[in-house]
Amino acid sequence: MTRALFAAGLLALAGGAAPAATLKATLLVPDDDARLERTRVERAYLGQTGGPAEQGLQQALEDGKFELDAAGADVALATQAAASLEAARSAAQAAEKGGAAVLLADLPADWLLAVADAVKIPVLNLSEAADRLRGADCRARLFHLMPSERMRSDALAQYLVSRKWSKLLLLTGPSATDQARSATVQASLKRYGLQVVASKPFKVSADPRERDLANPLLLTGGASYDAVWVVDSDGEFGRLLPYRTALPRPVVGDAGLVPLAWHAQFERFGAPQVSRRFAKSFKRPMVGQDWAAWLAGKALVTAAVAAPKGPAAAWAQALAKNPLDGYKGVTLSFRAWDGQLRQPLMLSDGQGVIALAPVEGILHPSNVLDTLGTDAPEKSCKQPR
């Protein structure tokens, strides 16, 4: 009789235990993404996408499987392609209605804002670096895994200061994106006391009437400088600039020495193991966008383990507050004032990692990672968090 009662009690306890909830997440990507066009991917421009974001997420969920199993937790990932801003908004709303607790977005800036405005769940930005998303166009539930443009330019400016390369020739491409990014570069140069001795436009052109805008020797002549900073969002002009300048000087920016979220040849803090697992799975090197997607997947695992029974509000809190290990040597966290992930950046020439930023000697009253990008006193984001 006693044994029967004991067994019945165990069954009752087992039946009464609440099962772990599955954290559902949806990845939103552009349909027919121009960044993944075959010939563009083959050029492997530094700082640009090397493959679909879904692969980094898949790697993170595979890496976190043991941790999820041990906690009795689970993450379910779906992918939805969208052909327009309106389609992305509708897909986000449908995902939320279908039970998604988190959205991951590999989308252009305006699409990203439309998605963030359409839902009441966290949105993780995997690829868009525009500073306005951290400033005037910030959103309370929008978090950024990729470093901002200001973070990238600050990282490079710090390195130039450390090398005492203080006089710069600035070359800027013709697109609106190049113009905006050039203004960001100049803000970083001002922050760190660097001087632009000359600023010139360039244009990739075969028109002989525009040879002054396309010839590296002509563009880099007529001035004295310590380095050439090139702003070339497309990458086509910049990659042909090193070793072709009028003066024998280093090239930095979008060619030569480039600030990156990740490089597959980074060899510290367990990074080689991450890069090797990724390369083994997807037969290509892991680049910055892959790392951002991988870390987003790791954030999902961390949230699911922290609150294995849900609800969605607990997952959202865990995403925003739990520190992350990005294999960069320091703990990573989201800034309260703009949703940007604090992180070191890698400065690479494409062959390896030359330096990390923040560089040694740079100081900050609370967190040296906040020397990269918009610091709290400079914030223009008005959204409460």
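General remarks:
- Residue among Asp207, Asp338, Asp234 with the largest mean-square fluctuation in a Gaussian network model of the chain, springs linking Cα atoms under 10 Å: Asp207
- The radius of gyration of the Cα set in the stretch 166-249, together with its Dmax, comes out at 12.4, 39 angstrom.
- The C-alpha atoms of the chain define a longest principal axis, and helix 271-282 lies at about 80 degrees to it.
- To the nearest ten degrees, helix 176-191 and the longest principal axis of the Cα atoms of the chain are 90 degrees apart.
- Projected onto its three principal axes, the C-alpha set of the stretch 342-381 covers 37, 23, 11 Å, listed from the longest axis down.
- When only Cα pairs below 8 angstrom with a gap of at least 6 residues are kept, the stretch 166-249 shows a relative contact order of 39 percent.
- Selection from Pro30, Ala292, Leu363 lying farthest towards where the dipole of the chain points positive, charges on Cβ: Leu363
- Normalising the average separation of contacting C-alpha pairs (under 8 angstrom, six or more residues apart) by the number of residues puts the relative contact order of the stretch 260-385 at 22 percent.
- Of the residues Trp294, Trp337, Trp262, the one that moves most in a GNM of the chain with alpha-carbon contacts below 10 Å is Trp337.
- Per-residue Cβ neighbour counts within 10 Å put Ser90, Ser281 in the sequence Ser281, Ser90, beginning with the fewest.
- Here the relative contact order of the chain, from alpha carbon pairs under 8 Å that lie six or more residues apart, stands at 22 percent.
- Look at Phe334, Phe66, Phe202 and count the other Cβ atoms within 10 Å of each Cβ; fewest to most, that gives Phe66, Phe334, Phe202.
- Under 22 Å from the Cα of Lys164 - lysines, other chains or at least 8 residues apart: Lys190
- When the Cα positions of Ala187, Val119, Ala214 are compared along the charge dipole of the stretch 74-227, Ala187 comes out farthest toward the positive end, with charges on each C-beta of Lys, Arg, Asp and Glu.
- Sorted from longest to shortest, the spans of the Cα atoms of the chain along the three principal axes equal 99, 44, 43 Å.
- Mean ellipticity per residue at 222 nm, deg cm²/dmol - from DSSP H runs of n ≥ 4 across the chain, formula -39500 (n - 2.57): -11000 deg cm²/dmol
- Exposure proxy order (Cβ contacts within 10 Å, fewest to most) of Ile121, Ile354: Ile354, Ile121
- Qualifying lysines (Cα of each under 30 Å from Cα of Lys65; at least 8 residues distant if same chain): Lys24, Lys97, Lys120, Lys280, Lys283, Lys298, Lys309, Lys321, Lys328
- Cα long-axis angle, helix 149-163 against the chain (0 to 90 degrees, to the nearest 10): 60
We did not get these values from a lab; they are worked out from the coordinates using the rules stated. Note that the coordinates shown come from a computational prediction; the quantities given were computed from them, not determined experimentally. Don't worry about glycine lacking a Cβ; one is built from the backbone with ideal geometry, like all the others, and counts go over all protein chains shown.
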